[in-house]
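The values are calculated or read from the model by the stated rules, or taken from the named source; none is laboratory data. Predicted, not measured: the structure shown is a model, and the values here were computed from it. Reconstructed Cβ throughout: ideal geometry from the backbone, glycine too, with neighbour counts over all protein chains shown. Accessible surface is based on the protein model in full, side chains and every heavy atom, while ligands, DNA and RNA are left aside. Shrake-Rupley method; radii C 1.70, N 1.55, O 1.52, S 1.80 Å.
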Amino acid sequence: MKRFFKKHMPAQLFILLLAVLWEVGTRIFQIPHYIIPRLSDVLVSLAENSGLLARHFVITLGEALLGLAISIVLGTLSAIWIDSSSLARKTLYPLVVASQTIPIIALSPIMVMWFGYEIGSKIAVVMLFTFFPIAMNTADGFRSADPDIGELLRTMGASKRELFLKWKIPSALPEFFTGLKMAAAISVGGATLGEWLGGEAGLGMYTKRAANMLRGESVFSGVLLLSAMGIMLFLAVLAIERICLSYRRESKVGQ
């Protein structure tokens, strides 16, 4: 733990500096609370509404995790198909890339029309945000597999299943986790947007209602929690990545 704080000391000091500037700046310039509230008032709002915020936090986190989980499954299957089929590489790959030229925000209301105002539309919006980075990074990871290693395994009589498990998957894991870290961080944005477009609960709905009532402290407290959620999901994926790819670090140390 001591090593962790020492390693991230510059970032902690920078965050502390920003917090001081926020508090001092809003007091000196007398900025209205509905534009930028004082940090101390935001912290008070967090404490006073902790129970309510915790319930909204769990709802938004559940939507983000469900959408992310489905994107992992569909994105990985799509990447496998793209890698194993020339037809998929010529049809699905360019189609997925071209789909990113369509603004995701413009598609989000369509998800609400299709899936209604229940949790299904929020999960669908999260998938709009998270499918692409997982599918494309994993497909690129499969494509980057060293052909010499594949050829060596084939000469040793490896089957297609063994080639996939011992050659393709280890080669694709770094890129898969790169896409997953991006997807984990932006999944919170997808869940929040889904709640804004139509929802009854969640931090996105909480901040929208607070903004309509010009309660700046409540809006900023919700935004801080959404940011914390995104960081938490990113760090969780980072921890899983370090465990899954620990063999790579050990092999480098052994060389």
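Brief remarks on what is shown
- Of residues in segment 191-233 being crowded, with 22+ Cβ neighbours inside 10 Å and acidic (Asp, Glu), the one nearest to the chain's Cα centre (by Cα): Glu195
- Residue match in segment 117-132 (condition: within 25 Å of Val58 (Cα to Cα), touching a residue at least 40 places away in the same chain (Cβ under 8 Å) and not in a helix (DSSP H, G or I)): yes
- Residue within segment 77-85 that is without any contact (Cβ under 8 Å) to a residue 24 or more places away in the chain, more than 30 Å from Tyr206 (Cβ to Cβ) and aromatic (Phe, Trp, Tyr) present: yes
- In segment 92-102, residue surrounded by the most Cβ atoms within 10 Å (Cβ to Cβ) [restricted to those that are over 18 Å from Val73 (Cβ atoms) and among the aliphatic types (A, V, I, L, M)]: Val97
- The condition of being polar (S, T, N, Q), open to solvent by less than 20 Å² (accessible area, probe 1.4 Å) and either more than 19 Å from the chain's Cα centre (by Cα) or closer than 16 Å to Ala64 by Cα (or both) does not hold for Ser171.
- Residues satisfying the stated conditions in segment 60-91, i.e. more than 22 Å from Ile169 (Cα to Cα), at pLDDT 95 or above and open to solvent by 40 Å² or more (accessible area, probe 1.4 Å): Leu65, Leu66
- Any chance Arg55 is without any contact (Cβ under 8 Å) to a residue 40 or more places away in the chain and of a type in the set (Lys, Arg): no
- Residue in segment 103-110 that is open to solvent by less than 80 Å² (accessible area, probe 1.4 Å) and under 17 Å from Ala185 (Cβ atoms) present: yes
- Each residue in segment 111-150 was checked for being more than 28 Å from Ser84 (Cβ to Cβ) and open to solvent by 50 Å² or more (accessible area, probe 1.4 Å), and 6 of them qualify.
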